[in-house]
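Taking it in order: structure first as structure tokens, then the write-up.
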Amino acid sequence: PRRPPARDTWFIEPAKVFDNLYFVGSKIHNAWALTTSEGIIVMDTLYTYNSEEEIIGGLKKLGLDPATVKYVIISHAHGDHVGGAKLMQDRFGSRIVLGEPDWNSIEKSVNGYPQGKPKRDIVADDGQKITLGDTSVTLVTTPGHTPGTLSMIFAVKDNGKPITVAYSGGTAFNFPSTVPNFDAYISSQTKMA
């Protein structure tokens, strides 16, 4: 396995973005913590090498307890989003939510998970709600970036005022440039719109 890149190329301090949404990502990749009345929902988990410091360390710096992370929703099964899923599952018992095709991709992977793979847990369905306390995240299947990409719709509060967030689970054209692949991507983005 390759050595992790230098810390200064990825580390950034965590931040409170809304009353109930916190950024715990890196300079290049997103990870979010949505606080609820009964714990935390984390969205995406960065790489294996930086999830401990950015997510767990970030939550602690923000005064949040990582042991209260009940759900981790993974937008898609690329290493920069699913790297810390096993850590959250093993250390805190967090439930991992992922699209079926991407669970299959993880299970078939040979070398992609040097510290081990997360165990299959919750398989996401289109329109499924992940509810924790007073907060729900609606999952939207949006294949394209990967076959199992998930996007999300949820509410945040800005000084008490509710705002609906539509979070796209994968935007890059990293797939083979074929008409069917672009058609799937277009269809998913139209669905989200």
Step by step: first the residues of the range 140-167, then only those that are assigned to a loop (DSSP other than H, G, I, E, B) and touching a residue at least 60 places away in the same chain (Cβ under 8 Å), then the one that is surrounded by the most Cβ atoms within 10 Å (Cβ to Cβ). Which residue is that?
Thr149
Any residue in the range 172-193 that is in contact (Cβ under 8 Å) with a residue 40 or more places away in the chain and of a type in the set (S, T, N, Q) sitting within a Cβ distance under 9 Å of a residue that is open to solvent by 60 Å² or more (accessible area, probe 1.4 Å) and outside any helix (DSSP H, G or I)? List the pairs, counting only those 6 or more apart or interchain.
Gln189/Thr171
Taking Ile12 as the residue in question, decide whether it is under 26 Å from Ala166 (Cβ atoms), open to solvent by 50 Å² or more (accessible area, probe 1.4 Å) and either aliphatic (A, V, I, L, M) or assigned to a helix (DSSP H, G or I) (or both).
yes
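The values are calculated or read from the model by the stated rules, or taken from the named source; none is laboratory data. Here the structure is a predicted model, which means the values were calculated and not measured. For neighbour counting, all protein chains shown are included, and Cβ atoms are generated from backbone atoms with ideal geometry for every residue, glycine included. Note: accessible area is taken over every heavy atom of the protein model, side chains too, but ligands, DNA and RNA are not part of it. Shrake-Rupley method; radii C 1.70, N 1.55, O 1.52, S 1.80 Å.
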